[in-house]
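For reference, the structure is listed below as structure tokens.
Each value in this text was obtained by applying a stated rule to the coordinates, not by laboratory testing. Keep in mind it's a predicted model, so treat the numbers as computed, not measured. Note that each Cβ is placed from the backbone with ideal geometry, even for glycine, and that neighbours are counted across all protein chains shown.
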Amino acid sequence: MKLFPELYIFLFYFFGIVLWHFVKHLAPNLTPPLISSTLLGLHKTPDSALQFITHLDFNRLDTKTKCLAVAVAARSPSPKPALQLLKQTVTRAGGGAGVRDVFGGLGSAREQLGAKSSILFDMLIRVYCELRMGDQAFQCFDLMKEKGIVPKVQTCNDVLSLFLKLNWTEKAWVFYAEMFRMRVKSNVYTFNIMLNLLCKEGKLKKAKEFIGYMESLGGKACWCSIAC
């Protein structure tokens, strides 16, 4: 039986029929608009959307369609599928899309789905941090700042932690200052990262002053992680 892509979409929309065994066969003929339409139709059932995505050659999709797939996958209870798709999107194996392209694609998908949270951009920064792509993580943070989107403190901690591991001490302080300007409220993990940074720089006096500042805010230093 020969099933044209347009007929597949028709069956899906009007009868709710998901013919998974045809999807892989049809994949080479499914255009980005058809794939996007299907993803949007499945966005309320992320498990079905993920099943649809697995039948496609994800690396052959354009960046905008990949980002929509990520946004739909992000509605799943587990963040793992969306994070994995994002990794494929930003690495060379998946075409190595640039930060601005991916950020723009996620922004477009966010609008299409009527989402308002920062979760997609937080995920993108998290992926860059896991891949130890510090410059890209900072660039994504800057793009969020330009759009007036405030990242979660956990996301900022991921960036600071990466900078600490990479010995990018100056960038870490610049990033911390930007957090302050964006009014991202630091938590105990943020303070401990910065305390470790001071110790790594050999600024023990400032480290002690910083501990006092933390305690005045109700924070507590995690001595097991401090390398003073």
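Using Cβ counts within 10 Å as a stand-in for footprinting exposure, how do H43, H55 rank, fewest first?
Working: H43 20, H55 16.
If I rank by nearby Cβ atoms, fewest first, I get H55, H43.
The slack between R183 and R100, meaning 0.36 nm per residue of separation minus the straight C-alpha distance, is 27.5 nm. Among the trypsin sites (Lys or Arg not before Pro) in segment 118-153, those located in a DSSP loop and surrounded by at most 15 other Cβ atoms within 10 Å of their own Cβ are R132, K147.
The order of M133, M179, going from fewest to most other C-beta atoms within 10 Å of their C-beta, is M133, M179.
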